[in-house]
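Take a look at the structure below.
The values are calculated or read from the model by the stated rules, or taken from the named source; none is laboratory data. Since the model is a prediction, treat every value here as computed from it, not as a measurement. Positions of Cβ are generated from backbone atoms using ideal geometry, with glycine treated the same way; all protein chains shown enter the neighbour counts.
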Amino acid sequence: MEDPYVVLGKSAPIFRAIFSGVNFPIQNRDDLINKAGGKERLIAVSNSDGTESVYSLMDLIDAFPQIEELFPSRTANSFVKKFAAIEQGRRQERKTSPLVKIKGKNISEILKKRSPLFQANEPEIPFWGLPKQSATGASAIKAFTGRQQMRILERLPRDIAEVIIDYVQAVFELIAAIERRAALAAAASAEQQANNAENAANRALDATQAVGASTTNEQAQQAVDLACASADEAADSAQQAADFAAQACAHAGAIPSDVEAQTACSNARTAASRAQAAADRARGACWRARDIASIGMATICGHVTETDPCCDDDWSGATIVVCNLTYPEIPCQTDVTDGNGNYCVTGRFGHSSRVGCSTVTVTMNAGASGGDVSSTKQITVCSSSPPSVNFSFDAPGSE
């Protein structure tokens, strides 16, 4: 039978676990909770590395604030279709994945009820059922059976009971250590993915600068491809950082009183946020690179004249600097007026099919016997053949 959740990618294992054994149709959120096992159900989710992470059903549901929009759903396929549409909208709006928002509040409360090991200042050492064989300590936690075994211990000689209690205590201390190491490892992986995302974002920004400096359409397109490929890398790293953050917090949720594990969860979430911010910057760089590449090459020409009471003189040697005001990534272009006072400057100053006309500044700097003269004009260029930009000045002290 075809798996309807496979199209959800990295979210598939979570929903596959939630809906395991659940009968459709599902009318609303409360109906899902009831059919999925109730508010205290713990769910083991398989990870890509072969381990498991354990979540509370309510923690998973609370991570998806738009879950009410998914119901009613008559079949698993209809649910997946609705969720995929919401997920596509999230990606387009560049919002953080719900996977990074999975909290540990509900699982912490459940564990406190099931085992005093996770309660602060517990005055007595009770007995817990031995954990069943499982891939992670979190999976073992859901095997707690409460105080019923305590009555069995009371029938045993005290020295034997104490040995058993000490052994179980050691087992769960080991489990806590396993969870702590897993939380720290996942947090370290989230940090690495955040670094990868930031490196990719820097490459995207550098490529955007290269688009502006390109002199041919081929060079521009190559730089655009690099910027957008880097943006894809940053987005992938951000998603992986979110996944690792979810894993770190799931492991930390199994030992809520462990400061080191809770710090790992907090650090992992910070790393995931960094990674998402880098992915957003990289995606913006990709779009900006495309905008810049779409700007046509244009040649701006003009004439510089020095006015005189007798007659106007063509001014040679004046420096002309033309800059694209909207896109500073595009290098300014420079020319010097010839013996007839003429200049021409070519650069990415023309019309764009994506962003329209370009706003350009043309600055003239001329040295005269009485001092330097500078003048700037701002123009709008909407074609590859803009009008001439001429300058006329009265040189100080030349009369």
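I'd like to know if segment 197-216 contains one or more residues that are modelled with pLDDT of 90 or more, surrounded by 16 or more Cβ atoms within 10 Å (Cβ to Cβ), under 19 Å from Ser53 (Cα atoms) and not aliphatic (A, V, I, L, M).
no
What pairs can you find where one residue is in segment 220-231 and over 15 Å from Ala197 (Cα atoms), the other is part of a helix (DSSP H, G or I) and hydroxyl-bearing (Ser, Thr, Tyr), and their Cβ atoms are less than 8 Å apart, with a gap of 6+ or different chains?
Pairs found: Ala223/Thr208.
Applying the selection to segment 50-91, what residues are within 20 Å of His251 (Cα to Cα), under 22 Å from the mean Cα position of the chain (by Cα) and of a type in the set (Gly, Ala, Ser)?
The answer is Ala63, and nothing else.
Residue by residue, here is whether (1) within 30 Å of Arg348 (Cα to Cα); (2) in a helix (DSSP H, G or I); (3) among the polar types (S, T, N, Q) holds:
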| site | (1), (2), (3) |
| --- | --- |
| Asn196 | no, yes, yes |
| Ser257 | no, no, yes |
| Ala279 | yes, yes, no |
| Ala282 | yes, yes, no |
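When segment 14-46 is examined, which residues are found to be surrounded by fewer than 19 Cβ atoms within 10 Å (Cβ to Cβ), part of a helix (DSSP H, G or I) and in contact with a Phe, Trp or Tyr (Cβ under 8 Å, 6 or more places away or on another chain)?
Of everything in segment 14-46, those that are surrounded by fewer than 19 Cβ atoms within 10 Å (Cβ to Cβ), part of a helix (DSSP H, G or I) and in contact with a Phe, Trp or Tyr (Cβ under 8 Å, 6 or more places away or on another chain) turn out to be Arg16, Arg29, Asp31.
If you check Asp314, Asp308, which single one turns out to be free of Cβ contacts under 8 Å to residues at least 60 places away in the same chain and either in contact with an Asp or Glu (Cβ under 6 Å, 6 or more places away or on another chain) or not hydroxyl-bearing (Ser, Thr, Tyr) (or both)?
Just one listed residue meets the conditions, Asp314.
If I filter segment 318-374 down to residues being aliphatic (A, V, I, L, M) and free of Cβ contacts under 8 Å to residues at least 40 places away in the same chain, which single residue comes out as farthest from Ile292 (Cα to Cα)?
Val373
Name the pairs whose Cβ atoms lie under 9 Å apart, with the first residue in segment 32-47 and at positive phi, the second assigned to a strand (DSSP E or B), and 6 or more positions between them or separate chains?
Note: pairs meeting the criteria are Gly37/Ile43.
Would you say Arg181 is of a type in the set (Lys, Arg), at pLDDT 65 or above and assigned by TED's automatic domain parsing to the domain that holds Trp287?
Criteria met by Arg181.
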